[in-house]
There are 2 protein chains.
Amino acid sequence: MKPTSTVPSCGTDQAKRGCAGSFRLEEFLPYLLSVAANRVSGLLARRYQDAFGLTIPEWRCLAVIGEREPISASGIVDRTAMDKVKVSRTLASLEAKGFVQRAAHPTDGRLALFSFTARGRTVYERIVPLALETEREVLAGLSTGEERALRVGLLSLLKSLEEIEGEKNRF
Amino acid sequence: MKPTSTVPSCGTDQAKRGCAGSFRLEEFLPYLLSVAANRVSGLLARRYQDAFGLTIPEWRCLAVIGEREPISASGIVDRTAMDKVKVSRTLASLEAKGFVQRAAHPTDGRLALFSFTARGRTVYERIVPLALETEREVLAGLSTGEERALRVGLLSLLKSLEEIEGEKNRF
DNA sequence: AGGTGATAGTTTCATATGAAACCAACGTCA
DNA sequence: TGACGTTGGTTTCATATGAAACTATCACCT
């Protein structure tokens, strides 16, 4: 497993794409995925910023609040794959901007419940169409079947990852 | 395009998923994509780090050097979707770790050409199988057809993005 | 009550990031 | 030749990030 020669011994030891000489970064799925995600996020970030002065974490929090208002910070953590530090800071900034308000939980003094202000709700309702429009644009090159396949693939991927990481991550 | 009412007029104006009340973050493709990419990157990052002490940018540079050695920093920028600051720093770190070496370009004094050291080549040849193995694991839940569909979808997405961004980005 | 361990959320601190400024070498045009 | 705009690459600086520490509350057990 540790070839020391300068020239790798290709062509016999691995079936396909298996030897170093034939590795192609641009066909490597994790790379493709990362580039695609970053580009899509970048496009959205620019649009959210230009139209509403929102960052992606801010938009994500608003999106979840829109689904489950009122919701606690940890509820948002569960539904966004963002860590709690980022959520905490994002909620603070949304509060400062006057888009959300925090209220004490009636019985549990640890929780803060977040909901829209009137202004936050308006922004939310205006930004949803922008988000969906951008999603459609980005998917414009794909047929309905291809889009479905892409979604299925991503969900499958996430499922695989949960299994793989579960071995090491469930503490 | 700018509804001012507090309550969105749902149910009639958009076919599906078109009004704020029905927006689902976890079905929003940019979000799915971002979560999937981050999780895959995270898994790889842990493995590269544990096995070889490499970060993802470092591995990306090594991957490109493995394809086109010797190559300049700007050549790597072109092939990795990383910005030149990150590439510059990553190459400096790879050089410090003794994995790559830099040489002056024979005729153009601006370019530095990077190639593997013996040690760097060894690491590269050992890390390629790890990368491919991880790719296979992550894709384990997908059939061959589904995997192809996912790849096609991602490439399509990237093509769409080039067109969309081209309008505003080609300076 | 009082101790103990878990949970919610914030703050600290060290590192990562990238836009913009910067330096150096190039090519070209007068 | 020598100004000038360009390109390759590094440095600066202000911001973003997240692990770990911290505070406060809760739930449970004695």
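The values are calculated or read from the model by the stated rules, or taken from the named source; none is laboratory data. A quick note: this is a predicted structure, and the numbers were derived from the prediction, not measured. In this analysis, Cβ positions are derived from the backbone assuming ideal geometry, glycine residues included, and neighbour counts consider all displayed protein chains. Side chains are part of the model used for accessible areas, which takes the heavy atoms of the whole protein and leaves out ligands, DNA and RNA. Shrake-Rupley method; radii C 1.70, N 1.55, O 1.52, S 1.80 Å.
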Item to check | Selection from segment A:115-138 of residues that are within 11 Å of chain B (Cβ to nearest Cβ) and outside any helix (DSSP H, G or I) | outcome: A:Phe116
Next on the checklist: What's the number of the only condition in (1) open to solvent by 30 Å² or more (accessible area, probe 1.4 Å); (2) in contact with a strand residue (DSSP E or B) (Cβ under 6 Å, 6 or more places away or on another chain); (3) closer than 30 Å to A:Leu155 by Cα that A:Ala103 fails to meet?
Outcome noted: (3)
Checklist entry - Looking at segment A:108-148, which of its residues are acidic (Asp, Glu) and within 19 Å of A:Val40 (Cβ to Cβ)? => result A:Glu133, A:Glu135, A:Glu137, A:Glu146, A:Glu147
Checklist entry - Of everything in segment A:69-81 that's within 11 Å of DNA strand C (Cβ to nearest atom) and within 14 Å of chain B (Cβ to nearest Cβ), which residue is nearest to A:Ala112 (Cα to Cα)? => result A:Ile71
Item to check | Residue selected from segment A:82-114 under the condition more than 8 Å from DNA strand C (Cβ to nearest atom) and either under 17 Å from B:Arg24 (Cα atoms) or among the basic types (Lys, Arg) (or both), by the criterion nearest to the other protein chains (Cβ to nearest Cβ) | outcome: A:Met82
Checklist outcome for this item: When (1) within 12 Å of another protein chain (Cβ to nearest Cβ); (2) touching a helix residue (DSSP H, G or I) at 6+ places or on another chain (Cβ under 9 Å); (3) surrounded by fewer than 16 Cβ atoms within 10 Å (Cβ to Cβ) are applied to B:Ile56, the one that fails is (3)
Checklist entry - In segment B:91-110, which residues are within 9 Å of DNA strand D (Cβ to nearest atom) and closer than 28 Å to A:Asn38 by Cα? => result B:Leu91, B:Ala92, B:Glu95
Checklist entry - Could you say whether any residue in segment B:38-58 is in contact with a Phe, Trp or Tyr (Cβ under 9 Å, 6 or more places away or on another chain), under 22 Å from B:Ala104 (Cβ atoms) and either within 15 Å of DNA strand C (Cβ to nearest atom) or modelled with pLDDT of 95 or more (or both)? => result no
